[in-house]
């Protein structure tokens, strides 16, 4: 079994990676304190290779037709295989990885690993964009957009872009959608869903309830109109 987590940075994917690891899934090595597989440089470069084939058409719309139609660029494949070396060469029967940048290349990851188990992870974007993350500026990964001087807005656009990219990708053979908030307030129910999906017993890790709704004490802008469709789709009130 090969499993990975698809979710933006600061969406709480650390909890899912830790849960998988403590459930007996080998998540590669070494890992950082966020339970990301390191070193990340080859993944970052793979994102830039992918980005060359995405065309920005303006008004927060991107054309993903080339990446959806073509096979992954050989340079991309080489970089991903290098990044995942500890996972792919392991003889463990249950293995996987987590790093938020996987979301930036999800269509080609799906093509490379069509039989993998994909855990789609989402968090209320108002909480998700409060802190700085490597993926805040899409330009760093070769993705064009209407960049502004407003760092928080750029971060929000990155969140939206990643939702659009995942939404545009055909449904995987094996995928499940999990909300960070449900892992906190409905953990037993969520773990049961994961057990049915992965067919393995799931460990229960401590979760902090104060991780939810942090935006309520935030004094900067944390809500954008373009969040609304996705928030409604994911069951978040606004």
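Assorted remarks:
- The label-point distance for residue 229 and residue 88, in a model that sets each label 7 Å from Cα toward Cβ, rounds to 3.5 nm.
- Counting other Cβ atoms within 10 Å as a rough exposure proxy, the listed residues 212, 25 run 212, 25 from fewest neighbours to most.
- Taking the convex hull of Cα positions in the chain, its mean projected area over all directions (nm²): 12.3 nm²
- Global geometry of the stretch 22-102, whether rounded, prolate or oblate, following the gyration tensor of its Cα atoms and the 1.5 cut on a/c: prolate
- Two-site FRET efficiency, residue 71 against residue 192, from Cβ-Cβ distance with R₀ of 35 Å, rounded to 0.05: 0.40
- Summarising the strand pairing of the stretch 2-234, around 20 percent of its internal DSSP beta bridges are antiparallel.
- Here, the stretch 152-191 yields an orientationally averaged convex hull projection of 4.0 nm² when only Cα atoms define the hull.
- Theoretical FRET efficiency, 1/(1+(r/R0)^6), r = Cβ-Cβ of residue 131 and residue 238, R0 25 Å, to 0.05: 0.80
- Prolate/oblate/rounded call for the stretch 65-204, Cα gyration tensor, a/c under 1.5 rounded: oblate
- Shape of the stretch 167-238, Cα gyration tensor, a/c cut at 1.5: oblate
- Spacing of the two label points (7 Å from each Cα toward its C-beta) at residue 209 and residue 115, in nm: 4.4 nm
- 222 nm mean residue ellipticity, helices alone, for the chain (DSSP H n ≥ 4; -39,500 (n - 2.57); rounded to 500): -11000 deg cm²/dmol
- At R0 = 41 Å, FRET efficiency that the Cβ-Cβ distance of residue 171 and residue 149 yields, to 0.05: 0.60
Every number in this text was worked out from the coordinates using simple rules, so none of it is lab data. Remember, it's a predicted structure, so these values are computed and weren't measured experimentally. Neighbour counts run over all protein chains shown; Cβ positions are idealised from the backbone, glycine included.
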